[in-house]
Every structure is written in structure tokens, then in C-alpha cells.
1. According to a simple spin-label model (label point 7 Å from Cα along Cα-to-Cβ), what is the distance in nm between residue 236 and residue 172?
2. Excluding same-chain residues fewer than 8 positions from residue 234, which lysines have a Cα within less than 20 Å of its Cα?
3. Could you pull out every residue, at least 5 positions away or on a different chain, whose amide H is within less than 5 Å of the one on residue 126? Hs are placed 1.01 Å off N in the peptide plane, and Pro or chain starts have none.
4. Under 10 °C and 1.306 mPa s, how fast does the chain diffuse according to Stokes-Einstein, given a Kirkwood radius computed over C-alpha pairs? Answer in µm²/s, whole number.
5. Residue separation times 0.36 nm, minus the C-alpha to C-alpha distance between residue 73 and residue 55: what's the value?
6. So who's got an amide H within less than 5 Å of the one on residue 120, skipping anything under 5 residues away but keeping other chains? H placed 1.01 Å off N, in plane.
7. Show the residues, 5+ positions off or on another chain, whose built amide H is closer than 5 Å to the amide H of residue 38.
8. Would you give the gap between the C-alpha center of the stretch 233-248 and the C-alpha center of the stretch 128-153, rounded to a whole Å?
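Please treat every number below as a calculation from the coordinates, not as lab data. The structure displayed is predicted, hence computed values, not measured ones. Note that each Cβ is placed from the backbone with ideal geometry, even for glycine, and that neighbours are counted across all protein chains shown.
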Amino acid sequence: MRRKLAAGNWKMNGLAADLAEAQALAADHGAPGCDILICPPATLLSRMADTLGHAPIALGGQDCHAGAAGAHTGDVSAAMLADAGASHVILGHSERRADHAETDAAVRAKAAAAQAAGLVAVICLGETEADRDAGRTLEVIDRQLAGSLPGGATGANTVIAYEPVWAIGSGRTPTPDQIAEVHAFLRARLTDLMAAEGAAVRLLYGGSVKPGNAAEIFALPEVDGALVGGASLKAADFGAIITALEQA
């Protein structure tokens with residue numbers, strides 16, 4: 001059985017005062033029925049680790065460099081994230097793919113670096129609105145998955161997040177049938193690429209997940225949780241999503 005995962009991506013949000021939201025979440029979910037992950041900005045990672053102590057909330061980075069060290073001003077390595085208290089790292093988010101021209105090959109290299117540092121890679125995939133309208137969704141997802149998945153990927157060190165680009169931060173979500181179609185396709189392709197291990201990889205849905213639609217999304221087959229953006233910034237909202245996942 002794959003354990004459910006509620007992952008929060010704070011993106012470029014959060015100052016020291018916002019650590020109180022993580023504390024409130026930990027207070028309300030001291031014995032969660034699912035795994036909880038928060039990926040704060042790098043500036044808060046070590047302080048959040050100190051703040052949460054032994055609370056059952058994992059922490060992650062929002063990106064890492066493919067190199068272990070070197071002359072890469074402004075970048076952060078996977079080992080540095082682990083040293084700061086991270087156990088996971090988000091890779092290939094559409095905002096990185098678009099804003100920083102990250103290719104599937106770049107994401108694959110970063111995921112391999114994450115594995116080497118002992119981090120779980122949360123690899124993001126998703127089609128644009130133009131891709132969706134042109135009927136290319138599964139083609140795009142297939143290409144991104146095959147190109148971004150590193151050798152040595154397992155259910156223990158890899159999570160796949162389906163995030164349709166047109167749904168992120170827009171308030172729009174795909175229909176349940178559209179989400180179910182992509183997740184079923186991903187499960188089949190993971191089995192093709194990873195054999196039996198493909199059944200152990202957790203599949204998250206992301207893209208305008210809110211307390212009001214979480215239960216409907218979590219009821220779908222092959223949805224093992226969510227990668228939540230804006231709604232993860234407040235303990236009350238993220239906590240409601242976690243509760244919905246626990247009850248799914």
C-alpha cells in the first residue's frame with residue numbers, strides 16, 4: 001500500500017514570522033494519517049527544521065543543482081538541502097521549466113543528484129493549455145516522464161506530481177475524468193519503465209488544490225495525494241486538505 005502524501009510548496013513566499021504557520025500545522029496534526037511535507041524557501045529550511053523539531057512533518061527544497069559542489073553562484077546542491085534538514089526536493093516544476101528553461105534532461109540530472117544525496121525527488125510534469133486544447137496532453141506527459149526519470153528511481157526515492165500548467169494558481173482544475181485519465185496513464189507508463197517498482201511510486205495531483213475540492217480529487221483512483229501551492233501557506237487551509245486526504 002502506498003502511503004498518502006500531502007506536500008506543500010511555499011514557492012517564493014515566507015519570512016521568519018511565517019514559521020508560526022508550520023508550528024500551528026504541527027500542533028493540529030501530531031499523529032497524521034498520511035505523510036506531510038512542506039517545501040519552504042531555502043532561507044527558511046534550516047530554521048523550519050529547528051522549529052518543528054521531532055514533529056511528523058518532512059521538509060524539502062524547491063530545487064537543487066545537478067552538481068555536488070562547485071562554482072555555481074546562487075545555486076544550492078542536494079547535499080546542502082539535506083544538511084539543512086530536507087528529506088525531499090521538488091524538481092521540474094513548470095515554473096522552473098518556464099522561467100529557467102529547464103529541460104527534461106536537466107531535471108533528470110537534478111533527480112539523480114537528489115538520489116545521490118539521499119533525497120526523495122518530487123518530479124513535476126504537466127501540459128500547457130495549448131497542449132491540452134490540441135489533444136497532446138498524454139504525449140507531453142509521456143515525453144516529460146521518460147526524459148525526467150533518472151536511472152535508479154524507485155518508489156522509495158521518487159514521487160511524481162501531475163500539475164497541469166494551466167491549472168496552477170489559476171483557480172481552475174481539470175475535471176475528475178481528466179485527472180483520472182492522466183494518473184492512470186502515468187501508472188501504466190511507470191510500470192513500463194520501472195517494472196514492478198512502478199506500482200510503488202506515489203502519484204500526486206497539483207494545480208489549484210483547495211479545501212473545497214480536495215476530497216473529490218482524493219477519491220479518484222491512482223491519486224496518492226497532492227502537491228499544494230498557495231493553500232499550503234496557511235495552516236488552516238493546508239490542514240483541511242490533509243484531513244481530506246486522511247479520510248480518503
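1. Here the answer is 2.9 nm between the modelled labels.
2. In chain and number order, the partners are 11, 210.
3. The list, which skips near neighbours in sequence, is 163.
4. 89 µm²/s
5. Taking residue 73 through residue 55 to full extension adds about 3.2 nm, to one decimal.
6. Here 88, 89 satisfy the definition.
7. 8, 58, 59, 60
8. With the stretch 233-248 and the stretch 128-153 each reduced to a Cα centre, they are spaced 28 Å.
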